[in-house]
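Below is one structure, written out as structure tokens; comments come after it.
Rule-based calculations on the coordinates, nothing more; no lab input. In this text, all values refer to a predicted model and were calculated from it rather than measured experimentally. Please note: Cβ atoms are built from the backbone with ideal geometry, for glycine as well, and neighbour counts cover all protein chains shown.
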Amino acid sequence: MIKTIDNPDGVPKPPPGRYSHVARLEVGGGAILILSGQVAVDDDLNVVAPGDMRGQSERIFEIIGRILQAHGASFADIVNIRTYLTDLGALTEYAEVRMKYLPTDQPPTSTTVEVSRLFLPEAVIEIEVMAVLQGSAAGE
């Protein structure tokens, strides 16, 4: 198994020494991508759309898409998604955005929980995903 830690270009850079955006594990003829939880921030790490579930969800999926693309993956490769919301009352807004990005014929496994707060006070949602690449998509 080969492990690569990455912070792809085109996504907000995490604070130095805090975390990495993605761990890529080369396993057999494929690869597993494990993404850190993503929040809706701009390039200067300011929260985008403070308090707005729909706006933050859109930004997070944009960031996730860029990370996946940097590793030759797409939303169709996601096998697990974990979502942390500060208000389950806004679940419908998040779900509407999510359905635009994730396949509905074979949706990934999923966990969604409400938390009292996230590490950035204006953030209302954090999403982490795991994706699996096989064969030529994994870089064979």
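Quick rundown of the values:
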| item | result |
| --- | --- |
| Candidates P103, P16, P121: whichever shows maximal mean-square fluctuation once the chain is modelled as a Gaussian network with Cα springs under 10 Å | P16 |
| Contour minus Cα-Cα distance for T92 and N46 (0.36 nm per residue) | 14.1 nm |
| Using distinct alpha-carbon pairs, which all enter the 1/r mean, Kirkwood radius of the chain in Å | 15.4 |
| Calculated P(r) tail over 13 Å for the stretch 1-55, as whole % of Cα pairs | 66 |
| Environment charge at L45 (Cβ cut-off 11 Å; Lys +1, Arg +1, Asp -1, Glu -1) | -1 |
| Added length on full extension, which subtracts the Cα-Cα distance from 0.36 nm per residue, R66 to V113 | 14.5 nm |
| Choice from V124, V39, V11 with maximal GNM fluctuation in the chain (Cα, 10 Å cutoff) | V11 |
| Over the chain, relative contact order from alpha-carbon pairs under 8 Å, at least 6 apart, % | 31 |
| Euclidean distance of C-alpha centroids, the stretch 1-48 and the stretch 57-94, integer Å | 13 |
| Given 11 as the ceiling on other Cβ atoms within 10 Å, longest exposed-site-free region of the chain for trypsin sites (Lys or Arg not before Pro) in DSSP loops | 19-116 |
